[in-house]
1. Find the residue count for the range 1-34, including only residues that are more than 25 Å from GLY273 (Cα to Cα) and in a strand (DSSP E or B).
2. Go through the range 78-95 and report how many residues are open to solvent by 20 Å² or more (accessible area, probe 1.4 Å), within 22 Å of LEU161 (Cβ to Cβ) and either touching a residue at least 40 places away in the same chain (Cβ under 8 Å) or in contact with a His (Cβ under 9 Å, 6 or more places away or on another chain) (or both).
3. If you check every pair at least six apart or on different chains, which have Cβ atoms under 8 Å apart with a residue in the range 228-254 that is at pLDDT below 95 and small (Gly, Ala, Ser) first and a residue that is open to solvent by 20 Å² or more (accessible area, probe 1.4 Å) and part of a helix (DSSP H, G or I) second?
4. Within the range 147-164, take every residue that is modelled with pLDDT under 95 and surrounded by 18 or more Cβ atoms within 10 Å (Cβ to Cβ) and give me the one that is nearest to ILE88 (Cα to Cα).
5. All but one of (1) surrounded by 24 or more Cβ atoms within 10 Å (Cβ to Cβ); (2) touching a strand residue (DSSP E or B) at 6+ places or on another chain (Cβ under 8 Å); (3) closer than 19 Å to GLY15 by Cβ hold for THR139, so report the exception by its number.
6. Quick test for you: out of HIS73, HIS18, pick the one residue that is modelled with pLDDT of 90 or more and of a type outside the set (A, V, I, L, M, F, W, C).
7. Among the residues of the range 60-85, which ones are part of a loop (DSSP other than H, G, I, E, B), under 20 Å from SER110 (Cβ atoms) and aliphatic (A, V, I, L, M)?
8. Which one is nearest to the chain's Cα centre (by Cα), of the residues in the range 198-213 that are without any contact (Cβ under 8 Å) to a residue 24 or more places away in the chain and open to solvent by less than 40 Å² (accessible area, probe 1.4 Å)?
Amino acid sequence: MPEAQPPLIAGFDAGQTHTTCRLSILRSDGSWQALAEGQGSGVTHLAAAGGAERFQQALRSSLTAALAAAQLHPTTSLKAAGIGASGIEAGSLVQREATALVAQVLQLASEHAVVVGDERTALAGAFGGGAGILVISGTGCIAVGSNSQGQMHRCGGWGWLLDGAGSAMDIGRDGLAVSVQMADGRLADSALRPALWQALGADSAQAVKAAVVAPGFGAAGFARLAPVVDGLARAGDSHAQAVITRSAEALALMVHGVAEHLHLAQPAVCGVGGALRHLQQLQQGFRAAMQQRLPAATLQEPAGDACSGALSLAAQAAIKPR
């Protein structure tokens, strides 16, 4: 008789630009061994136009790529899957809809399909399910933590139209706001204005206004300008430095809010996301703000990533009876 295939589980990190699927072999003790991973298309909020279709395609394309990388047949079945995606609030209708879509696309029982916000899979991966606080600063930002009793709390992450302080979006937007104030004489001109306008392809405040209200600009359009502001801050531009300082302090405030709510006096803190990883001045400012606001905290590198956290959810779901 042919040897039985070991059960496979999958962890998905579904982002706006791309989705990563990591396949693993589930061991009998509930641990897993990474097998292969693949990249697929990105997602939008499930409630957005075409959101459900994009969500399904992201799962299909990334799983297909991971199976190919593992040299497995495209129809190979999964035992369970964990998915982290932005905009999935615990207990919401969107979470229920997403779970149903995952079960359908991956041909799983609903109890074997776990869909949560990507900040939760990132938190689980960063601390291996233990206590700690994860702050994510990319296009958007959020801080989420857990304590030794398993209680969780989040600060931020309410969408760029409401709550972006600490994100690359906010840095770019605030930098542009300063630039138009320079243009009309409210602030003294500096290198910030021409540098941002050149990056935007604008030659006047009116052109700046037209660019930011154009369809498709949104949060990502502002976020693309953040490296320019960070570079100017590093070069000594006082206006750019003020923008970066405000965002760094906003990130530290979110971490402090989570720590207070969860009664974490000396929390382990991981800072991740493209903005914190790549914007040198923001990273330095965040460290300084943390030292002021929460000096007993320990900044450390995450133990694992969001796919690792998603796999831990999948492993837990796999042992549930079907």
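1. Total meeting the criteria: 6.
2. Total satisfying the criteria: 3.
3. So the pair list comes out empty.
4. Among residues in the range 147-164 that are modelled with pLDDT under 95 and surrounded by 18 or more Cβ atoms within 10 Å (Cβ to Cβ), the one nearest to ILE88 (Cα to Cα) is GLY157.
5. Unmet for THR139, out of (1) surrounded by 24 or more Cβ atoms within 10 Å (Cβ to Cβ); (2) touching a strand residue (DSSP E or B) at 6+ places or on another chain (Cβ under 8 Å); (3) closer than 19 Å to GLY15 by Cβ: (2).
6. HIS73
7. Result: LEU78, single match.
8. ALA211
The values are calculated or read from the model by the stated rules, or taken from the named source; none is laboratory data. A quick note: this is a predicted structure, and the numbers were derived from the prediction, not measured. Cβ atoms come from the backbone with ideal geometry, glycine included; neighbour counts cover every protein chain shown. To get the accessible areas, we keep the full protein, side chains included, count just its heavy atoms, and leave off ligands, DNA and RNA. Shrake-Rupley method; radii C 1.70, N 1.55, O 1.52, S 1.80 Å.
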